[in-house]
Amino acid sequence: MPDTSASTMHVHITNLLGLLGFVILWLGLVECSKILLKTFRKDPLIGWSIGPFGVSTLFLSKPSTRFILLSTLIPSLLSAGILYLGLFTSLPSPLLLPHNGWLILAVLLIGILITNLGDWFSALRDLRYPLWGEARILRNIQLLRASCASIHFTPFGHSYLREHFDSNPSELLRAL
């Protein structure tokens, strides 16, 4: 009789708190990498927001194609790297997973989709329909308001809104 136990995949959670800590660390490191990449932009910062989909920034000018691609590729690679190191290497892991090539690929792709799918859609939108100036600011504010994000404006953002829209942030947010 053939051995069927080798063909079945068993996933064992060895440490539930360790798994929760690993997931929080993984998501936190990916989000920190996104924030760090945004700090490398030399454009004037209008504002920033914190919402259910992470931290977002509002810059005045349209980012370069290179910056758009790098700011989506680097967090995706970091996400896959953290998952691979945490789940498939000899490091102590909160999950025991079989080292099957297809399973590794599936876990890494699902992890990238969880952490970076919205960023890839935003990058495709920015590459296909580039906006800059007032149109970019208004579109981003509308998208952030729709996601119930808390929007905060910098001192430069306050002066920019006063000059270009003749309003303050609270008036503009009510109007949108």
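Please verify whether residue 100 is more than 23 Å from residue 70 (Cβ to Cβ) and of a type outside the set (A, V, I, L, M), treating the condition exactly as stated. Criteria met by residue 100. Of all positions in region 83-91, none carries a residue that is modelled with pLDDT under 85, assigned to a loop (DSSP other than H, G, I, E, B), surrounded by 15 or more Cβ atoms within 10 Å (Cβ to Cβ) and not acidic (Asp, Glu). For region 26-41, the set of residues classified as part of a helix (DSSP H, G or I), in contact (Cβ under 8 Å) with a residue 12 or more places away in the chain and not β-branched (Val, Ile, Thr) consists of 26, 27, 29, 31, 33, 34, 37, 38, listed by residue number. Check whether at least one residue in region 7-26 is exposed (fewer than 13 other Cβ atoms within 10 Å of the Cβ), at pLDDT below 85 and closer than 20 Å to residue 116 by Cα, and report yes or no. Checked region 7-26: no residue is exposed (fewer than 13 other Cβ atoms within 10 Å of the Cβ), at pLDDT below 85 and closer than 20 Å to residue 116 by Cα.
Applying the criterion of being of a type in the set (Gly, Ala, Ser) and surrounded by fewer than 16 Cβ atoms within 10 Å (Cβ to Cβ) to the residues of region 52-82, the residue that is nearest to the chain's Cα centre (by Cα) is 81. Residues that are crowded, with 17+ Cβ neighbours inside 10 Å and over 16 Å from residue 43 (Cβ atoms) within region 145-172 comprise 149, 151, 161, 169, 172, listed in sequence order. Is region 57-69 home to any residue that is touching a residue at least 40 places away in the same chain (Cβ under 8 Å), assigned to a helix (DSSP H, G or I) and farther than 30 Å from residue 145 by Cβ? Among the residues of region 57-69, not one is touching a residue at least 40 places away in the same chain (Cβ under 8 Å), assigned to a helix (DSSP H, G or I) and farther than 30 Å from residue 145 by Cβ, which makes the answer no.
Take the residues of region 123-152 that are of a type in the set (Gly, Ala, Ser) and in contact (Cβ under 8 Å) with a residue 24 or more places away in the chain: which is nearest to residue 34 (Cα to Cα)?
We begin by selecting, within region 123-152, every residue of a type in the set (Gly, Ala, Ser); these are 123, 133, 135, 146-147, 149-150.
Add one more test, that the residue is in contact (Cβ under 8 Å) with a residue 24 or more places away in the chain, and what stays is 123, 133, 147, 149-150.
On the way: 123: 13, 133: 22, 147: 18, 149: 17, 150: 18 Å.
Looking at the filtered set, the residue picked out is 123.
Residue 119 - would you say it is among the acidic types (Asp, Glu), surrounded by 15 or more Cβ atoms within 10 Å (Cβ to Cβ) and over 30 Å from residue 17 (Cβ atoms)?
Here the answer is no, as residue 119 does not meet what is asked.
The values are calculated or read from the model by the stated rules, or taken from the named source; none is laboratory data. Since this is a predicted model, take the numbers as computed values, not measurements. Please note: Cβ atoms are built from the backbone with ideal geometry, for glycine as well, and neighbour counts cover all protein chains shown.
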